[in-house]
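One structure, as C-alpha cells, below. Some questions next.
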C-alpha cells in the first residue's frame, strides 16, 4: 500500500504580511495555509518571489506555476523567483507542486495587483478615480449607453447625472442607458465620495470630445476690449491659445471665452500756421499736405466715410490652428461669412454671354482675373448681351399717326409700296415709304411711326392701326 499522501492547500486562508524576508523588502506578501502546507508570495517591481514549506520543512525542488504555466523550480530553501509584468487589477495565481518525506504536496494561491501590491481578491475594490468613462450614441433610438470601468472591470452603483438630470446608476457591467437631450452631453459621476465628470458633443451621429477644429468662433468689441468665444455645439473649448495681430493675448477659460484689450489705431491731424496739414498715420509716420480750396470743399464727403481696420486672430490647441479675420468699423467687429461660388455646371440652353459671365466670375474667385469684375461683366453685356436694330430695317419717312400692335407685325414690299401691319385687328396703311423692305427681329414698327410688341418692321407712310 502506498504510504504517500497528497496534501493540497487552495487559498483557504490568505494572510497579508510585510517584511517576511530580506528579498521581499517592504513589499507586501500573500500567504496561503492549509494544514501543514504554507505558500507565501511577494511582488516587487515586476519580480514575484515564492516560499513554500510543509510541516516546517522547505518544499525544495518543487515546480512553480504562474497562471497555469511552469516558470521556475524551488531551491533547497523552498524559494523561487520569476518575472511577471502585471498591471493594475491583474490576477496572479501561483501553484507549487513538490514532495516532502515521500508526501506529495500541492499548494496554490490567487492574488490581485493593486497599486503595485498583491492583495486578496476579496479586498480588491475598483475605483471611480481611476476609471475610464465611455459614451456611445444610438441614432436609431436617440439613447446613450454610458460605460464606467476600472481596468476592464465594470463599476456598479455609480450615480449618473446627464445634462443636469439624474438618469440612474450603473449596473454590474458598469453601464447605464438614457435618452440624449440636445447635441452635447455632460455627465457627472459619483461613487464612494468620489466625483468625476466628462463631456462629449454629437457630430455625425457620434459622441466625440469637443474640438477646436469643429468649434464656432465669435468675437465682440466693447469700449477698448475684445471678447472671443470658442465653443463646439455650445460646449466651451478651454486652453485655446489666442494671438491677436501677432501678439499673444492669453488662453480661453473653461467656458471657452477670453477677453483682452484692443483698440483700433488712432489717426490725429494738426494744422500749421502756413496751412500745411500734418497727419500722423497709424504707423507713426508724419506726412505734410497743403490743401487747396477745392480739396477742402471735397473733404466733407470723404470725412463721412468711416475708416475700417482688420484684426487678425489665430487660435491654437493640440496641433489644431484656426485663423479668423475681423473688420472693425463703426465701433463693431464683423466677420465676413464664407460663401460658396457659383455652380460648376451651367443649366442647359443658356445664352452664350451668360456662360461667359459665369466664367469671368470663376476667374475672379480664383484670383486670375485682371482688372475689375464689374468692368469685365459690362464689356460682355455690351458686346454680346444686347440686341441691336435689324440691319435691313428702313427708316420711316411718313408722319402717320401711331399704330398699336399687340401681335407680330410684318412690313412687306419695297419702300415705295404700301406696308401692311398685322395686329389683333389687322389694319392697312397706305403711303409711300422711302426705306428698304424691312424684315427684322427687333421691336416691330407698324404703318407709321408706331411701335409694336412683336417681331418685324413695317415701313411706309400713312395711318396705322
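Each value in this text was obtained by applying a stated rule to the coordinates, not by laboratory testing. If you're wondering where the values come from, they're calculated on a predicted model, not measured in any experiment. Every residue, glycine among them, receives a Cβ derived from its backbone with ideal geometry; neighbour counts consider all protein chains shown.
Find how much the distance from residue 220 to residue 177 grows on full extension, using 0.36 nm per residue of separation minus their present alpha carbon separation; answer in nm with one decimal.
Gain on stretching residue 220 to residue 177: 11.5 nm.
Over the alpha-carbon set of segment 85-196, work out the extent along each principal axis and list the three values in angstrom, largest first.
74, 31, 23
Between residue 136 and residue 241, what FRET efficiency comes out of the Förster formula 1/(1 + (r/R0)^6) with R0 = 30 Å and r the beta carbon distance, rounded to 0.05?
Efficiency, from the Cβ-Cβ distance: 0.40.
Between residue 309 and residue 169, what is the FRET efficiency for a Förster distance of 56 Å, r being their Cβ-Cβ separation, to the nearest 0.05?
About 0.50, to the nearest 0.05.
7 Å from Cα along Cα→Cβ at both residue 368 and residue 61: what's the point-to-point distance in nm?
9.0 nm
Here is a further query. Run the numbers for residue 157 and residue 375: contour at 0.36 nm per residue of separation, minus the present Cα-Cα distance, in nm.
71.1 nm is the gain from fully extending residue 157 to residue 375.
Give the share of C-alpha pairs in each 5 angstrom bin for segment 132-208, from 0 to the last occupied bin, in whole percents, shortest bins first.
That works out to 3, 16, 31, 26, 16, 7, 1, 0, in percent per bin.
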